[in-house]
Amino acid sequence: RIPLVIDTDTAADDCFALLVGLLDPRADLLAVTMVAGNVGFDQQVHNALLTLELAGRLGEVPVHLGAREPLEREWRSASEVHGDGVGGLRRAETGHTTSDEHAADALVRLVREHRGELTIVAIGPLTNIALAVQRDPEFAANVGRLTVMGGSINGRGNITPAAEFNIYVDPEAAQIVFDAGFADLVVVPWDPTTLRDLVFDADAVARIAAQDTVLSRFFVRANQATFDFDLGAGLAGSTHPDSLSVLVSLDPTFAVSTGRYRVDVETVGELTRGATVFDWKPDAVPNALAIEAVDASRFFSYLSELLASEPTG
Ligand code: BDR
Ligand code: CA
């Protein structure tokens, strides 16, 4: 099984990324690390614990609290998109708490314990990963694979016209990560999930609702706010880049098109803060493999199978 850590800012799509890590038999989820991002930090922690509880894994997979703010910028949420991230659901249990070890320290320790083997999937701003790079000069070299959900190849953002949310929130951290020398850095940009065939539209959501399992009901409820926001913005439905990021980390064959690029981040631009530049030119020295397109129908089937499962813990 693949030893895995998911670094998250747990809004709804992050919850399903966690479920992939928790329920896919190919994954050995060793820890969840929390970073400031989508919704209030304490709400994010609640959402992560709720997801572990639903998967029957509460108390088994440690949750480490990390950066409550970006390295240099003020934190900016996306609550207007996600609501509280779980549609108002509250945890049934209260008995389990989080680890005392800081997320960046946990990342450094786990990478040392699993030298060259650990896969980290970062589905929030990159603050914790940058802190780990700063705390251990050998961190990047010893990570097996780092998958980052962030940026966009075509230059279109979501939080601003030019920037995708995760990179926008902490552009300095993102640049540290892209400069760090990770041997196997995979980027899942915003682009593949904005393709029309990978959007969860009303029909896709209705099919999931009809499954009527604990997890499918959770999916519909947790994603309702984002779905409504996206429809209000004139889109066909919602995107799920975070679960896709965990999935392609476990099974790269879900990607049907990839490209090697030198990725950098705009940290000084006024209109372009947090925009990513994917240098495609032949003389560029690549630092990342970007997922450009995925098998959408396989992704939908996979998710529906996952939501059909009844975790018992
Ligand atoms: C990213 O930001 C959040 O809205 C999602 O969870 C995803 O990680 C997309 O820009
Ligand atoms: Ca996220």
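The values are calculated or read from the model by the stated rules, or taken from the named source; none is laboratory data. Computed from a predicted model, the values in this text were never measured in an experiment. Heads up, the Cβs are rebuilt from the backbone with ideal geometry, glycines too, and the neighbour counts pull from every protein chain shown.
List of remarks:
- Count - residues of the range 238-248 that are closer than 12 Å to Ala290 by Cα and either in contact with a Ser or Thr (Cβ under 6 Å, 6 or more places away or on another chain) or within 11 Å of ligand 2 (Cβ to nearest atom) (or both): 1
- Among the residues of the range 232-241, the ones that are more than 11 Å from ligand 1 (Cβ to nearest atom) and either touching a strand residue (DSSP E or B) at 6+ places or on another chain (Cβ under 7 Å) or among the aromatic types (Phe, Trp, Tyr) (or both) come to 2 in all.
- Test: residue in the range 202-219 that is among the aliphatic types (A, V, I, L, M), touching a His at 6+ places or on another chain (Cβ under 9 Å) and under 27 Å from Ile120 (Cα atoms): no
- Yes/no for Phe300 being touching a residue at least 60 places away in the same chain (Cβ under 8 Å), in contact with a strand residue (DSSP E or B) (Cβ under 9 Å, 6 or more places away or on another chain) and either among the polar types (S, T, N, Q) or in a strand (DSSP E or B) (or both): no
- Filter result for the condition that a residue is free of Cβ contacts under 8 Å to residues at least 60 places away in the same chain and touching a His at 6+ places or on another chain (Cβ under 7 Å), over Val61, Val39: Val39
- Apart from one condition, Thr10 fits all of (1) within 14 Å of ligand 2 (Cβ to nearest atom); (2) outside any loop (DSSP other than H, G, I, E, B); the exception is (2).
- Scan of the range 17-35 for residues that are buried (at least 24 other Cβ atoms within 10 Å of the Cβ) and not in a strand (DSSP E or B), ordered by number: Ala17, Leu18, Leu19, Val20, Gly21, Val35
- Here Leu185 passes the criteria (1) surrounded by 20 or more Cβ atoms within 10 Å (Cβ to Cβ); (2) of a type in the set (A, V, I, L, M); (3) over 16 Å from the mean Cα position of the chain (by Cα); (4) modelled with pLDDT of 95 or more except the one numbered (3).
- Test for Val81: is it outside any loop (DSSP other than H, G, I, E, B), out of contact with any Gly (no Cβ under 9 Å at 6 or more places or on another chain), at pLDDT below 95 and buried (at least 18 other Cβ atoms within 10 Å of the Cβ): yes
- In this structure, Val263 does satisfy being assigned to a strand (DSSP E or B), closer than 15 Å to Pro189 by Cα, under 19 Å from the mean Cα position of the chain (by Cα) and in contact (Cβ under 8 Å) with a residue 12 or more places away in the chain.
- Qualifying residue in the range 46-53 (condition: at pLDDT 90 or above, buried (at least 16 other Cβ atoms within 10 Å of the Cβ) and assigned to a loop (DSSP other than H, G, I, E, B)): no
Each row is one residue, and each column tells you yes or no for (1) at pLDDT 95 or above; (2) in contact with a Phe, Trp or Tyr (Cβ under 6 Å, 6 or more places away or on another chain); (3) surrounded by 24 or more Cβ atoms within 10 Å (Cβ to Cβ); (4) among the charged types (D, E, K, R).
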| residue | (1), (2), (3), (4) |
| --- | --- |
| Arg90 | no, no, no, yes |
| His96 | no, no, no, no |
| Ser99 | yes, no, no, no |
| Ala104 | yes, no, yes, no |
| Leu107 | yes, no, yes, no |
| Arg115 | yes, no, no, yes |
| Leu118 | yes, no, no, no |
| Pro125 | yes, no, yes, no |
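- Residue within the range 24-47 that is basic (Lys, Arg) and either within 13 Å of ligand 2 (Cβ to nearest atom) or more than 26 Å from Val199 (Cα to Cα) (or both) present: no
- Scanning the range 151-199 for residues that are within 10 Å of ligand 1 (Cβ to nearest atom), of a type in the set (A, V, I, L, M) and not in a strand (DSSP E or B) gives Ile159, Ala163, Ile167, Val169.
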